[in-house]
Amino acid sequence: MNRDGYIKEAEQDLLHTYNRYGVVFEKGKDVYLFDTEGKKYLDFAAGIAVCALGYDNEEYSEALKSQVDDLIHTSNLFYNVPIIKAAERVKKISGMDRVFFTNSGTEAIEGAIKAAKKYAYTRDGHAGHEIIAMNHSFHGRSIGALSVTGNRHYQEPFEPLLPGVCFADFNDLSSVKTLVTEKTCAILLETVQGEGGIYPASPEFLEGVAKLCREKDILLILDEIQCGMGRTGKMFAWQHYDIKPDIMTVAKALGCGVPVGAFLMTERVAEKSLCPGDHGTTYGGNPLVGAAVDKVLEIMERDKLADHAKEMGDYLWKRLEELRDRYDFVIAHRGLGLMQGLQITLPVGEVSAKALSKGLVLITAGSDVLRFVPPLIIEKEDVDTMTEILTEVFEEMK
Ligand SMILES: *Cc1c(COP(=O)(O)O)cnc(C)c1O
């Protein structure tokens with residue numbers, strides 16, 4: 001079957017929850033994707049910040065293949081070796097003490113919310129606690145995660161959502177302070193807002209929130225699902241700041257394509273938080289994802305991918321600044337490391353579609369931001385090629 005045949009069938013069978021680009025990807029190699037028509041694409045999306053190692057990394061593929069042959073699943077009623085190794089690595093790079101593996105980002109958020117509520121319940125001897133989240137945030141699509149996602153459009157059809165959630169403005173400390181009550185158990189935010197349009201937390205804001213949390217025994221939950229795993233030039237984006245979260249969520253690049261997420265916490269939180277009977281998952285942290293996470297972390301540490309992301313991020317910054325200087329319709333440029341955004345007044349959807357037709361995969365964020373989240377293994381030549389193609393698109397559309 002060819003592309004059009006596949007697309008026609010997909011549109012008959014799959015629930016129509018996405019307006020997809022008209023491309024069917026079939027293979028990947030390094031930072032390139034290939035579609036069913038054999039066309040080659042430079043990938044600056046990494047499957048939404050997932051494929052940090054690019055495609056067809058031999059070591060990673062071999063680790064998965066060998067785990068498939070050994071053992072894929074056992075359930076969490078038993079121990080398994082790959083996840084024990086993975087847990088040790090993720091603790092080491094994060095400085096957190098306890099980890100629970102999930103199957104997705106949204107489940108990591110669910111777990112983080114439950115962990116915070118349980119902590120406050122144990123401490124206070126009663127339930128009924130509240131969470132402060134941020135406007136323009138994104139934390140996932142399940143009802144709990146949607147309840148803390150500050151986007152009315154995503155929430156409205158599904159109301160009533162979780163009660164006891166209120167929203168402050170990102171990077172506005174006083175808007176957080178006015179929402180704090182004696183019921184507040186957690187403040188949740190993305191260290192760098194992703195879907196909302198690539199907004200890094202300002203140091204004053206994040207450090208101010210962390211201080212507020214310490215003073216009032218409120219838990220600071222950082223969502224590092226998109227910005228974590230080396231992308232911003234540190235293993236986790238919060239490591240750029242003088243703070244440490246009480247609870248952290250990870251997913252996306254954690255398994256580099258194998259569905260896995262995690263929520264982590266400090267021992268201080270864990271002592272008062274989830275215990276047997278409070279939480280569980282059938283698949284979460286099975287041997288297959290354990291092997292993936294273990295290998296991903298081994299490669300990232302050994303090859304210093306966070307440092308590489310910093311270096312490439314600096315270069316990407318420089319090239320995108322040139323575009324901002326040259327074109328009036330580029331109105332802002334934000335980001336950290338290999339997580340950057342260009343806010344433009346051209347229709348972003350059209351820019352991204354045109355880029356795709358020219359062999360560049362470039363996605364959007366919010367309603368007017370081009371999002372640059374390439375595999376962490378990109379090199380300067382790739383940044384140059386991307387810039388050339390994007391310049392061509394801009395020239396055609398200006
Ligand atoms: C993608 C994302 C999620 C949700 O993860 P899923 O795996 O899609 O459930 C949550 N938070 C952030 C910051 C994300 O980027």
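Worth pointing out:
- Label-point separation, Phe78 to Glu311 (7 Å along Cα→Cβ), nm: 4.4
- From the largest down, the chain spans 62, 53, 44 angstrom on the principal axes of its Cα atoms.
- A 1.4 Å probe run over the chain, with the rest of the protein chains in place, finds 45 Å² accessible per residue.
- Calculated translational diffusion coefficient of the range 106-174 (4 °C, 1.567 mPa s; Stokes-Einstein with Kirkwood radius over alpha-carbon pairs) equals 103 µm²/s.
- For Thr364, residues with placed amide H under 5 Å, excluding near neighbours: Arg371
- Debye-formula intensities of the range 44-119, expressed as log10 I(q)/I(0) at q = 0.26 Å⁻¹, are -1.32 (one equal scatterer per alpha-carbon, no solvent).
- Rolling a 1.4 angstrom probe over the range 71-302 with all protein chains present gives an accessible area of which 55% lies on carbon and sulfur atoms.
- Listed by chain and number, the lysines whose C-alpha is less than 20 Å from the C-alpha of Lys358, apart from same-chain residues fewer than 8 away, are Lys27, Lys29, Lys39, Lys40, Lys380, Lys398.
- For Lys244, the accessible area of its heavy atoms, probed at 1.4 Å with every protein chain present, is near 90 square angstrom.
- Exposure rank, largest accessible area first [Thr232, Thr74; 1.4 Å]: Thr74, Thr232
- Amide H to amide H, with H built 1.01 Å from N, Thr184 comes under 5 Å of Glu130, counting only residues 5 or more places away or on other chains.
- Segment Thr391..Cys166, full-extension length gain: 76.9 nm, with 0.36 nm per residue of separation and the alpha-carbon distance subtracted.
- Put Thr149, Thr181 in order of accessible area, highest first, and with a 1.4 Å probe you get Thr181, Thr149.
- 17 Å reach of a label modelled at Asp69, 7 Å along Cα-to-Cβ, counting backbone N of the range 30-63: 58-63
- Computed from Cα positions, the angle between helix 287-302 and the longest principal axis of the chain comes to roughly 70 degrees.
- Along its three principal directions, the equivalent ellipsoid of the range 71-302 from the Cα gyration tensor extends over semi-axes of 27, 20, 17 Å, largest first.
- GluC sites (Glu not before Pro) restricted to the range 304-397 and DSSP loop, no more than 15 other C-beta within 10 Å: Glu379
- The heavy atoms of Arg326 offer some 130 square angstrom of accessible surface to a 1.4 angstrom probe.
- Whole-percent pair-distance distribution, where bins are 10 Å wide, for the alpha carbons of the range 248-372: 11, 27, 28, 22, 10, 2
- Computed over the alpha carbons of the range 172-322, Rg followed by Dmax gives 17.0, 55 Å.
- Proximal aspartates and glutamates to Lys354, defined as alpha-carbon separation beneath 12 angstrom and excluding residues fewer than eight positions away on the same chain: Glu392, Glu395, Glu396
- Solvent-accessible ranking of Asp13, Asp278, largest area first, probe 1.4 Å: Asp13, Asp278
The values are calculated or read from the model by the stated rules, or taken from the named source; none is laboratory data. All values derive from a computational prediction rather than experimental measurement. Note that each Cβ is placed from the backbone with ideal geometry, even for glycine, and that neighbours are counted across all protein chains shown. These accessible areas exclude ligands, DNA and RNA; they are computed on the full protein's heavy atoms, side chains included. Shrake-Rupley method; radii C 1.70, N 1.55, O 1.52, S 1.80 Å.
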